[in-house]
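> Pasting in a structure now, in structure tokens, and then I'll have a few things to ask.
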Amino acid sequence: MSNAYLAKSLPDSSDHRPPPLANETALVREERKEHASMLLLLAPALVMVVVLLILPLCWLAFQSVQTEDGFSLANYLRIFNESIYWDTFALTFKISFLVTILSIVMGFPIAYAASRLHGFWANLVLICVILPFWTSVLVRSYAWLVLLQRRGLVNQTLMDLGIIDQPLNLMHNTTGTVIGTLHVMLPFMVLPLYAVMKKIPQDLMQASESLGAKPFYTFRRVFLPMAAPGVMAGSILVFVICLGFFITPELLGGGRTILVSMLVQRNVELYHAWGAASAVGLVLLFVVFLIFWGINRFIPIERILGAR
Amino acid sequence: MTHTRSTLFKLASLALLIGSTQARAQDITFVSQGGAYQEAQSKAILEPAAKKLGLTLKQDSSPKAYPIIKTQVESGKVTWDVVDLPTGDCIRGEAEGLFEKLDLALIPNAAQLPAALKDDYSVGYISYSTVLAYRTDAFKNDTAPKTWADFWDTKKYPGQRSLRNLPRPTLEIALLADGVPADKLYPMDVDRAFKKLEEIKPHIATWWTSGGQSAQLISDGEVDMIQAWNGRISAVQAAGAPVAFNYNQGVLETNSLCVLKNSPNKDAAMKFVNEAIDARLQAALPMIIDYGPLNPEAFKVGVIPAERAAKLPSSPENISRQALLSAQWWASADGVKAEERWLSFVQKK
């Protein structure tokens, strides 16, 4: 901005007249125009969200309370009364929680290494994290099948080494579901963690050590608090995606690890019960909103997700 | 008065419309499930039948044809004529008024089928069976499980097991294992079946959901014995896996043919159904694919060699060793209730 421009647009201080109105309205008009063009730019995304998300959700809500005899809350009452629904929700939360914790335990060192390494090595670590991200979930689940089954690579190797003499039940159960899901979720933990850790200045650690802190103390009191938003961001992403995950549990769960998403699918495919399926889906959505709301009360979501 | 006139006018134009479509061509649209199955029947049955009748045959395929049929009939825009459906869907459709009553004067071949394989609206077409298959590297010939009671006997026949993650025909299998004779399964004692299933539940490694999964489980040796469809096991055997099965205590399921209500080519459709269950054409199908023809005469026309017949679910000696699944029972209120019970059974520890 040049001084000449400033001089022109600002009212002359030596003159005691109020600022010219024309300028102000022009500014307001300009601002409106900017808003309008912003809205125009957002329009495609807005239309898409409304048509593909909001409207279908309204349709789901309508379906969930509509039965042959008209309006009814039977589909919701069933969720609270029948143990199968309760058990399914409980198992879904249990597995999601377990996967989230494990992904922190496994993702933290990876993200830390990637953020402390330089050049080639840092890239290598990140590529190893992202590469599976680009592979179809279906393909990866089948790959686990090859590895984990009774005569699979893992069991065969352990037996050849004489560590076990009976194959371990690594899949067709909750264990298989957790392993497969964890693998899919790991990038969702590592990437936000890495983004946050990369921004932590190395100087602070050195300052802490120069003041006599032991490495672990430095890590605990300096590094960890600054990395915490990354842990939160990753945890929310992983937990929420887990809640609605379908393919891997379906393939590796052996048919008995039934999660909420599978309950929805079974309701539609086996029983043609669209209303019941809609109700389950909406309750899950509501629970996710509740979680977001709860977290937001302690730490604003924008801050966690780095938008500020 | 005006109301009647407009109704008359509509009826007249409808008649004109129907007349015009009928005049246009004697063509007929046949619908099946697609894939290798439809290709095989196209070659063995459908095209020869159309040629014989001088019809122009159009084909459509849909793995889930039922809702489409319902929409066509209810909206009055019927474009399909003959459909090949799981018999349960035929029975459901009969109750919902989706099919024409079969005109037996035009379908003389129906007389060759036993009464259990047909009714007023549908006639049996092909069959497949749910059998007990096992790994031959896990069990030597004389120690192999041969009955569902053996499948349940975990002491005498140790090993990993897998059942289908659906009550149909898993409940039938449980009752057979509990000693219910094959011809006394219906009306089904659902409580007894679930009780028997609770017994084997801790020993089931996997509850499979798709036919492909069942084939993979037994062919990779992930399980030692499994409930599976005969066609899947034959494919696994053809690929060289050490797997064997027999039709002892198999559960036979069928597909039937139906004609859509208000089909624009009703008479041609009936004649086409007659040809599709013709013994000679039916006999050609199992020479291409592992489905059993349902017209018993098909085994008497000299097309199917004895060793091939021995591998088919509907050959006279195999069919007598199996139980016939009752699509009627599964379509009944009790059947629907049993189906709903399944999910909580599988999930409960």
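> Specify the residue that is farthest from the other protein chains (Cβ to nearest Cβ); the eligible residues are those in region A:133-150 that are in a helix (DSSP H, G or I) and in contact with a Pro (Cβ under 7 Å, 6 or more places away or on another chain).
Going through the qualifying residues, I end up with A:F133.
> Going by what's in this entry, would A:G212 be described as more than 22 Å from the chain's Cα centre (by Cα), within 14 Å of chain B (Cβ to nearest Cβ), of a type in the set (G, A, S) and farther than 30 Å from A:F71 by Cα?
no
> B:Y134: surrounded by fewer than 21 Cβ atoms within 10 Å (Cβ to Cβ), touching a residue at least 60 places away in the same chain (Cβ under 8 Å) and in the same structural domain as B:Y247 (by TED's automatic domain parsing), yes or no?
Values: surrounded by fewer than 21 Cβ atoms within 10 Å (Cβ to Cβ): no; touching a residue at least 60 places away in the same chain (Cβ under 8 Å): yes; in the same structural domain as B:Y247 (by TED's automatic domain parsing): yes.
Considered against the rule, which asks whether it is surrounded by fewer than 21 Cβ atoms within 10 Å (Cβ to Cβ), touching a residue at least 60 places away in the same chain (Cβ under 8 Å) and in the same structural domain as B:Y247 (by TED's automatic domain parsing), B:Y134 comes out as no.
> On to the next question. Against the condition within 14 Å of another protein chain (Cβ to nearest Cβ) and surrounded by 15 or more Cβ atoms within 10 Å (Cβ to Cβ), how does B:G335 come out, does it pass? Write out each step before concluding.
Working: within 14 Å of another protein chain (Cβ to nearest Cβ): yes; surrounded by 15 or more Cβ atoms within 10 Å (Cβ to Cβ): yes.
Here the answer is yes, as B:G335 does meet what is asked.
> Follow-up question, since we're still on this one. Residues of region B:312-328 being in contact with a Phe, Trp or Tyr (Cβ under 9 Å, 6 or more places away or on another chain) and surrounded by fewer than 18 Cβ atoms within 10 Å (Cβ to Cβ), which ones?
Correct list: B:P316, B:E317, B:R321, B:Q328.
> Looking at (1) free of Cβ contacts under 8 Å to residues at least 24 places away in the same chain; (2) of a type in the set (D, E, K, R); (3) within 14 Å of chain B (Cβ to nearest Cβ), which is the one condition that is false for A:R221?
(3)
> Go through (1) surrounded by fewer than 24 Cβ atoms within 10 Å (Cβ to Cβ); (2) not in a strand (DSSP E or B) for B:N246 and report which single condition fails.
(2)
> Would you be able to say whether some residue in region A:129-145 is surrounded by 12 or more Cβ atoms within 10 Å (Cβ to Cβ) and farther than 27 Å from A:V260 by Cβ?
yes
> Name the residue that is surrounded by the most Cβ atoms within 10 Å (Cβ to Cβ), counting only residues in region A:91-100 that are farther than 19 Å from A:A277 by Cβ and within 14 Å of chain B (Cβ to nearest Cβ).
A:I95
> Still on this structure, please answer the following. For the condition modelled with pLDDT under 95 and touching a Leu at 6+ places or on another chain (Cβ under 8 Å), what is the one hit in B:G76, B:G93?
Exactly one residue qualifies, and that residue is B:G93.
> Let me spell it out: the conditions are (1) under 24 Å from A:F239 (Cβ atoms); (2) outside the structural domain of A:M262 (by TED's automatic domain parsing), and A:A36 meets all of them except one. Which number is the exception?
A:A36 satisfies all of (1) under 24 Å from A:F239 (Cβ atoms); (2) outside the structural domain of A:M262 (by TED's automatic domain parsing) except (1).
> Find the helices (runs of 4 or more DSSP H) located wholly in region B:126-224 whose residues include 2 or more that are farther than 30 Å from B:I277 by Cα and under 23 Å from the mean Cα position of the chain (by Cα), and list them. Don't jump to the end; show me each part of the working.
Details: elements: B:148-152, B:167-177, B:190-200, B:211-219.
Answer list for region B:126-224: B:167-177, B:190-200, B:211-219.
> Considering only region A:228-251, how many residues are of a type outside the set (A, V, I, L, M, F, W, C) and under 20 Å from A:I299 (Cβ atoms)?
4
> Same structure, new question: Could you count how many residues in region A:65-90 are in a loop (DSSP other than H, G, I, E, B), modelled with pLDDT of 85 or more and within 14 Å of chain B (Cβ to nearest Cβ)?
0
The values are calculated or read from the model by the stated rules, or taken from the named source; none is laboratory data. All figures in this text were calculated on a predicted structure; none of them were measured in a lab. For neighbour counting, all protein chains shown are included, and Cβ atoms are generated from backbone atoms with ideal geometry for every residue, glycine included.
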